[in-house]
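The values are calculated or read from the model by the stated rules, or taken from the named source; none is laboratory data. This structure is a prediction, so every number in the text was calculated from the model and none was measured. Virtual Cβ from ideal backbone geometry, glycine too; neighbours counted across all protein chains shown.
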Amino acid sequence: MIRRSILLPGLSLALALCVAIVLWRLAPGFGAAGPERAEVGGPFLLTDQNGHARSDRDFRGRWMLVYFGYTYCPDVCPATLEEIADALRRLGTKSRRVVPVFITLDPDRDHAATLRKYLSAFGPEFVGLTGTNAQIASVAQAYRVYFAKRVLPSGTYSVDHASTIYLMTPAGTFASTLDDQEGAVQLEKDLGSRL
């Protein structure tokens, strides 16, 4: 009798522990760096600078450098895109494994032709993407990008936005963010270490 009274509660506790472990492993986010880790990136379907539909799947097999901005941006966007272009030049033939993707946060003004003209200043390897306001908002949310339209005294507007370069793996998953303030040399080193 004594053995049974000790054995049954022990088995019940072991069974409960096993069930808890299985449920924990099946829970969303199991294996993430921490409970607060947010996924970055996701599927999209937008229009490129040549008017063609482009999906995130079109870039599989290559690293993606994703940057959100807009063509009317007076300083940060062109400076960052030039840093990316310079880093890719420094990588030489390795740069073929990388596709720089510029996604506009101002689809009302940044149509395909506008993106084509703007990106031609940085190099033919750049892919510019635009879409409807809803599509852009969805992609920005997936990448956790802050942006807000700000009306200027002139009656025009600017777009306040985060200036982050997102590095996505050839499988389309988030690898890291790269600092746009580090310069082309550091950007090239960061990329080169992964290629």
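Is segment 32-55 home to any residue that is under 18 Å from residue 143 (Cα atoms), in contact with a helix residue (DSSP H, G or I) (Cβ under 7 Å, 6 or more places away or on another chain), aromatic (Phe, Trp, Tyr) and part of a strand (DSSP E or B)?
So far as segment 32-55 goes, no, none of its residues is under 18 Å from residue 143 (Cα atoms), in contact with a helix residue (DSSP H, G or I) (Cβ under 7 Å, 6 or more places away or on another chain), aromatic (Phe, Trp, Tyr) and part of a strand (DSSP E or B).
Taking segment 66-76 only, how many residues are modelled with pLDDT under 95 and not in a loop (DSSP other than H, G, I, E, B)?
Of the residues in that region, 1 qualify.
Just for segment 151-182: of the residues that are within 12 Å of the chain's Cα centre (by Cα) and among the aromatic types (Phe, Trp, Tyr), which one is farthest from residue 73 (Cα to Cα)?
174
Being among the basic types (Lys, Arg) and more than 13 Å from the chain's Cα centre (by Cα) is the filter here; which residues of segment 134-150 pass it?
Just the residues of segment 134-150 that are among the basic types (Lys, Arg), to begin with: 144, 149-150.
Passing the criteria: 149, 150.
Yes or no: segment 20-31 includes at least one residue that is at pLDDT 50 or above and over 22 Å from residue 104 (Cβ atoms). Steps first, please.
Pass one, segment 20-31, residues at pLDDT 50 or above: none.
No; the residues of segment 20-31 include none that is at pLDDT 50 or above and over 22 Å from residue 104 (Cβ atoms).
Scan segment 128-149 residue by residue and report those that are charged (D, E, K, R) and either touching a helix residue (DSSP H, G or I) at 6+ places or on another chain (Cβ under 7 Å) or under 24 Å from residue 117 (Cβ atoms) (or both).
Of the residues in segment 128-149, the ones charged (D, E, K, R) are 144, 149.
Across segment 128-149, the qualifying residue is only 149.
Can you name the number of the only condition in (1) more than 10 Å from residue 71 (Cβ to Cβ); (2) touching a Lys or Arg at 6+ places or on another chain (Cβ under 9 Å) that residue 126 fails?
(2)
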